[in-house]
Amino acid sequence: MAAHLSIVLVEDNDDLRELTADALRDEGHRVVALSCAEELEDQARGAAADVFLIDLNLPGEDGFSLSRRIRQVHPLVGIVIISARSDLQDKVVGYDSGADWYLPKPVPFAELSAALKSFARRRQAQQVDTVMPSGGLRLQQRELHGPVASVRLTPAEENLLTALARAPSGRLENWQLLELFGLDSADVSKTSLEVRITRLRKKLSQVGAQGLCLESIRGIGYQLNVPVQVMV
């Protein structure tokens, strides 16, 4: 059975956005449809996305900039650029900005669907199976499963844990975490981030994660020191 993905679609053409979102939902995917990059923080901040579908010619921040920003915060997320701009140079810039695929418009839905299935297969291949490794945890549909218990995460907690689990060495810098939640670098925002980290630590402890499972790296950020399988 094909895996269902959490998808954020950023497309300023109202008709195309709704048609694409409806077609993706018909295939079982969870879709947040946005008209511009600026809506990302307001409407999709709590969503742990697997794939971003991004148009280039957006009002405000363009697709290249948005792709670059997403890739910095989410190193392993899927990014598909969809654009009427089909010149080679645009494609090169798109891939350099972090895209996994660059699909020129008009994109047959069958081709887009095939690209998403390819991403889902690759993601599943990276996951051993649903059995947790020794000392590890599993995150599936906002349920965090550990060796002694399971707890329900909030959307923001799921997003935070997913980002840490997918980051190289489980480490994210403070600026990446602040951007993940749409916060600035003011002291009040850092305090808000620390509160979120503390709440997540408590739930990690409840499911049986031991020791410094979520460690503060002084002056840098935070590191997740327990393996977490994030299931699609």
Worksheet item: Is it the case that some residue within segment 188-209 is acidic (D, E) and modelled with pLDDT under 85?
Response: no
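Say we look at segment 94-116 and pick out the residues that are in contact with a Phe, Trp or Tyr (Cβ under 8 Å, 6 or more places away or on another chain), open to solvent by less than 40 Å² (accessible area, probe 1.4 Å) and more than 23 Å from G170 (Cα to Cα); which of these is modelled with the lowest pLDDT?
A115
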Worksheet item: Does A48 qualify as being in contact with a Pro (Cβ under 8 Å, 6 or more places away or on another chain), modelled with pLDDT under 90 and open to solvent by less than 30 Å² (accessible area, probe 1.4 Å)?
Response: yes
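Going by what's in this entry, would R68 be described as charged (D, E, K, R), within 25 Å of E158 (Cβ to Cβ), open to solvent by 10 Å² or more (accessible area, probe 1.4 Å) and touching a strand residue (DSSP E or B) at 6+ places or on another chain (Cβ under 7 Å)?
Here the answer is no, as R68 does not meet what is asked.
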Item to complete: Please enumerate the residues belonging to segment 144-171 that are open to solvent by less than 50 Å² (accessible area, probe 1.4 Å) and more than 16 Å from A49 (Cβ to Cβ).
Response: L144, H145, G146, A149, V151, G170
Response to the item:
Those residues of segment 72-93 that are open to solvent by 80 Å² or more (accessible area, probe 1.4 Å) and in contact with a Lys or Arg (Cβ under 8 Å, 6 or more places away or on another chain) come to a total of 1
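The values are calculated or read from the model by the stated rules, or taken from the named source; none is laboratory data. Quick caveat: nothing in here was measured; it's all calculated off a predicted structure. All Cβ positions, glycine included, derive from the backbone under ideal geometry; neighbour counts span all protein chains shown. Heavy atoms of the whole protein, side chains included, go into the accessibility calculation; ligands, DNA and RNA do not. Shrake-Rupley method; radii C 1.70, N 1.55, O 1.52, S 1.80 Å.
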